[in-house]
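A.B. asks: The following block contains the structure, expressed as structure tokens.
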Amino acid sequence: RVSTQSTWGRLRERCMRQCAAKKPSTESVVNVENGKWHQNRICSSPPYVIEGCTAVQCGRTIRDDLVTAQEADSLLDLARRVMRMGGGAGGPTIYELHTGALSKGRNFIDIYKTLADMGQPSPLLPTDPPMVLSVVEKLSAFIQQTYGVQGIQLTSPTFFSSITDGKARIANDEYWHNHVDRLQYGSFEYTTLVYLSDFGEDFAGGEFVFDDGVHGSTAVAPRKGRVVGFTSGDENVHRVNRVTRGVRYAMTIAFTCDSTKAVANFMDRALF
């Protein structure tokens, strides 16, 4: 199960301390031509190297042609269906697929155990697992092709997030700070984000920003079905700008090169 203290607490606080000195810089908005954009980055030193799997050339990529409209609709329906059973006290609500951790007020509940104990069925529809697995496999292939690697494996957490303009009630609600995924989550080597709502229509603010310090910042406008993929080290410090209106939905799917941190059959607990 997700430990709210370790996964959403200590790791986040450690990462925020290490990134805090980097002040937000002037933002330029990415121009995504023909549904594709890529920028190479010099890799930071990883804690370990697995030949053939660890990236030699790091980077950041945007693709608008990977996740179909039907898949995006189905992912959004799943997120909303489960999040209605919880809801964070501040702006963000998190639902983690593997463990069933769901924001509820200032804490997390295990929605799978809660429903099972009440004799209620799984919140997942029969069509959800194959659909999610198809998206995961598609993103795995995308990362391996983009960075010329092989052998990456799904890692945890795999989660949906929704963000409103609600006032932060606890430290974990402050999503707008710069952070590095490898530091925050420990297991991430490659991060992919699938956006499930449209900037400017469904919400305002909430741009995804790569912060390169004195070299400037690069802002990505979320759009439904858009995928942002990047190596998860210090070369990709990033943040989400504050949402000022509406609801911003996204899904985070990440991959590792460390088999001890891989997650197999990650939706088994959701099926009961």
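The values are calculated or read from the model by the stated rules, or taken from the named source; none is laboratory data. Predicted model only: the values in this text are computed from it and were never measured. Note: ideal-geometry Cβ built from the backbone for every residue, glycine included; neighbour counts use all protein chains shown. With ligands, DNA and RNA removed, areas are computed over all heavy atoms of the protein, side chains included. Shrake-Rupley method; radii C 1.70, N 1.55, O 1.52, S 1.80 Å.
A.B. asks: Taking the chain as a Gaussian network, Cα atoms linked when under 10 Å apart, which of Ile143, Ile42, Ile152 shows the biggest mean-square fluctuation?
C.D. replies: Ile42
A.B. asks: Given a Förster distance of 41 angstrom, what is the FRET efficiency for His215 paired with Leu125, based on the Cβ-Cβ distance and rounded to 0.05? Before the final figure, lay out the partial values.
C.D. replies: On the way: r = 45 Å, r/R0 = 1.10.
Once rounded, the FRET efficiency stands at 0.35.
A.B. asks: Would you mind classifying the stretch 162-201 by shape? Square roots of the alpha carbon gyration tensor eigenvalues, ordered a ≥ b ≥ c; an a/c under 1.5 is rounded, otherwise it is prolate if a/b is larger than b/c and oblate if not. Don't skip to the end; give the middle numbers.
C.D. replies: Details: a/c = 2.90, a/b = 1.23, b/c = 2.36.
Note, shape of the stretch 162-201 comes out oblate.
A.B. asks: Now, a different point. Could you please state how large a percent of the accessible area of the chain is carbon and sulfur, counting protein chains only and using a 1.4 Å probe?
C.D. replies: Details: 5950 of 12240 Å².
Exposed carbon and sulfur together represent 49 percent of the surface.
A.B. asks: Gaussian network model of the chain, Cα springs within a sub-10 Å range: biggest mean-square fluctuation belongs to which of Ala55, Ala101, Ala168?
C.D. replies: Ranking Ala55, Ala101, Ala168 by mean-square fluctuation puts Ala168 first.
A.B. asks: Right, another one. Would you please state which residues of the stretch 210-243 a label at Thr68 would reach in this model, taking the label point 7 Å out along Cα→Cβ and a backbone N cut-off of under 15 Å?
C.D. replies: Flagged as within label range: 225.
A.B. asks: Would you work out which of Leu271, Gly148, Gly166 lies farthest towards the positive end of the dipole of the chain, given +1 charges on the beta-carbon of Lys and Arg and -1 on that of Asp and Glu, about the Cα centre?
C.D. replies: Gly166
A.B. asks: Starting from the 7 Å offset along Cα-to-Cβ, what nm value, one decimal, do you get for the label separation of Arg242 and Asp258?
C.D. replies: Going by the 7 Å Cα→Cβ label model, 3.5 nm.
A.B. asks: I would also like to ask the following. What FRET efficiency, computed as 1/(1 + (r/R0)^6) with R0 = 51 Å and r the Cβ-Cβ distance, is obtained for Glu201 and Asn107, rounded to the nearest 0.05?
C.D. replies: 0.95
A.B. asks: To the nearest 20 Debye, how big is the dipole of the chain about its Cα centre, given +1 on the beta carbon of each Lys and Arg and -1 on that of each Asp and Glu?
C.D. replies: Numbers: 30 positive and 29 negative charges, 159 e Å.
That gives a dipole near 760 debye.
A.B. asks: Give the residue from Val135, Pro222, Gly186 lying farthest towards the positive end of the charge dipole for the chain; charges sit on Cβ (+1 for Lys and Arg, -1 for Asp and Glu) and the dipole is referred to the Cα centre.
C.D. replies: Farthest along the dipole direction, towards plus: Gly186.
A.B. asks: Where does the longest stretch of the chain lie that holds no trypsin sites (Lys or Arg not before Pro) found in a DSSP loop with 11 or fewer other Cβ atoms within 10 Å?
C.D. replies: Counting at most 11 other Cβ atoms within 10 Å as exposed, the longest clean stretch of the chain is 168-272.
A.B. asks: So, in Å, what gap is there between the alpha-carbon centers of the stretch 150-217 and the stretch 252-272?
C.D. replies: Each part reduced to its Cα centre gives a spacing of 19 Å.
A.B. asks: Using modelled amide H (1.01 Å from N, peptide plane; none on Pro or chain starts), what sits under 5 Å from the amide H of Lys104, excluding residues fewer than 5 places away?
C.D. replies: Under 5 Å from the amide H of Lys104: Gly87, Ile109.
A.B. asks: For q values of 0.14, 0.15, 0.20 Å⁻¹, compute log₁₀ I(q)/I(0) with the Debye formula on a Cα-only model of the stretch 135-206, without solvent.
C.D. replies: -0.62, -0.70, -1.07
A.B. asks: What FRET efficiency comes out for the pair Glu137/Ala168, r = Cβ-Cβ distance, R0 = 41 Å, nearest 0.05?
C.D. replies: Working: r = 36 Å, r/R0 = 0.87.
Using R0 = 41 Å, I get an efficiency of 0.70.
A.B. asks: Moving on to the next point. Find which of Cys53, Thr256, Gln39 sits farthest along the positive direction of the dipole of the chain, computed with +1 on the beta-carbon of Lys and Arg, -1 on that of Asp and Glu, about the Cα centre.
C.D. replies: With unit charges placed on the Cβ atoms, the residue in question is Thr256.
A.B. asks: Could you provide, to the nearest whole Å², the per residue accessible area of the chain with probe 1.4 Å?
C.D. replies: Values: 12240 Å² over 272 residues.
Heavy-atom accessible area per residue stands at 45 Å².
A.B. asks: Give the relative contact order (percent, whole number) for the chain; include only Cα pairs under 8 Å separated by 6+ residues.
C.D. replies: Over the chain, the number comes to 29 percent.
A.B. asks: Also, quick follow-up: From the phi angles alone, apply the Karplus equation (6.51, -1.76, 1.60; θ = phi - 60°) to the stretch 222-227 and give each ³J(HN,Hα) in whole Hz, x where the residue is Gly or Pro.
C.D. replies: x, 9, 4, x, 6, 10
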